[in-house]
1. Scan segment 93-129 residue by residue and report those that are in a helix (DSSP H, G or I) and of a type in the set (S, T, N, Q).
2. Applying the selection to segment 90-143, what residues are of a type in the set (S, T, N, Q) and farther than 23 Å from Ala80 by Cβ?
3. Out of all the residues in segment 78-89, which are surrounded by 15 or more Cβ atoms within 10 Å (Cβ to Cβ), assigned to a helix (DSSP H, G or I) and not polar (S, T, N, Q)?
4. All but one of (1) modelled with pLDDT of 90 or more; (2) farther than 30 Å from Gln130 by Cα hold for Ala45, so report the exception by its number.
5. Would you confirm whether any residue within segment 98-111 is more than 19 Å from Pro79 (Cα to Cα), in contact with a helix residue (DSSP H, G or I) (Cβ under 9 Å, 6 or more places away or on another chain) and touching a residue at least 40 places away in the same chain (Cβ under 8 Å)?
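The values are calculated or read from the model by the stated rules, or taken from the named source; none is laboratory data. Because the structure is predicted, anything quoted here is derived from the model rather than measured. Heads up, the Cβs are rebuilt from the backbone with ideal geometry, glycines too, and the neighbour counts pull from every protein chain shown.
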Amino acid sequence: MSLETKLETLTAAVLALTAQLQQAPAAPQAAPAPQAAPPAFVPPAAPPAQAVPVAQSFIPPSPPMPAPPTFAPAAPAAPALPFSDTPSLVTWATQMYHELTAIAPGKGDGIQAVMKHLGVNGLQEVRPDQYAAFHQMVESLRA
């Protein structure tokens, strides 16, 4: 029997059932009487069990928790530099030059010695990794 034949047979059966349902009276049908359930199987009573001592299992106590870790105090943060790029470095160095010159004439020329020590010819050549050293050396000129 092919699939098409099976589909046609099932369609005809569904149509016949639908027609039969439409012709049936609308009166409610009485529910069938409940049937008595067969008796449930009851196993024979077992003799009372004797109490058998159960071996107690010993669980050793867990080791105490270790003390919480202690951390070394953080190193004090280095003071923030008053400059972070070349333009702010130039501005700060200019202000420092004026301050140093006001303290003593010619003291501002120490900035040139600091640059020479770092191996640069101008403030624009100071690299970011040299900023801290440059700052520290120029600040030491104040003393």
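1. Those that are in a helix (DSSP H, G or I) and of a type in the set (S, T, N, Q): Thr94, Gln95, Thr101, Gln112, Gln124.
2. If the condition is that a residue be of a type in the set (S, T, N, Q) and farther than 23 Å from Ala80 by Cβ, then Thr101, Gln112, Asn121 are the ones that fit.
3. Within segment 78-89, Leu89 is the sole residue that qualifies.
4. All conditions are met except number (1).
5. yes
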